[in-house]
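Working notes for the structure below.
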Amino acid sequence: MKFRPLHDRVVVRRIEEDMKTAGGIIIPDTAKEKPMQGEIIAAGPGARDESGKLVPLDVKKGDRVLFGKWSGTEVKIDGQELLIMKESDILGIIEGKASVRAAA
């Protein structure tokens, strides 16, 4: 990818969730919500504080993250649909094989 985010911005690829419920019901594409999980594809160097010192980001390339439903700006880079968002839009880092679902 030939895109480098600036400051405290990150590029995120959404991670598609299962198309079945726990009971085995298949969810059609038209009824699915956009995933709120993603993988960091690229991260900026960080933001600057009041004194001009660089404050590095807490996330890095390869991290799986959880973000708000309406977070980020959708863009298409090299044919991929991605999100660009500020680090502050990220709710947390998902560790291990955890699966997170939004409450209805």
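Every number in this text was worked out from the coordinates using simple rules, so none of it is lab data. Treat the numbers as computed from the prediction; the structure is a model and nothing was measured.
Near the amide H of residue 91, within less than 5 Å, lie the amide hydrogens of 66, 67, 68, all on another chain or at least 5 residues away, with H placed in the peptide plane.
Cross-linked pairs 53/86; 2/69; 53/76: Cα-Cα separations exceed 22 Å for 2/69; 53/76. Can you list residues whose amide H is under 5 Å from residue 47's amide H, if they're 5+ apart or on another chain and H is modeled 1.01 Å from N? Under 5 Å from the amide H of residue 47 lie the amide H atoms of 55, each far enough along the sequence or on another chain.
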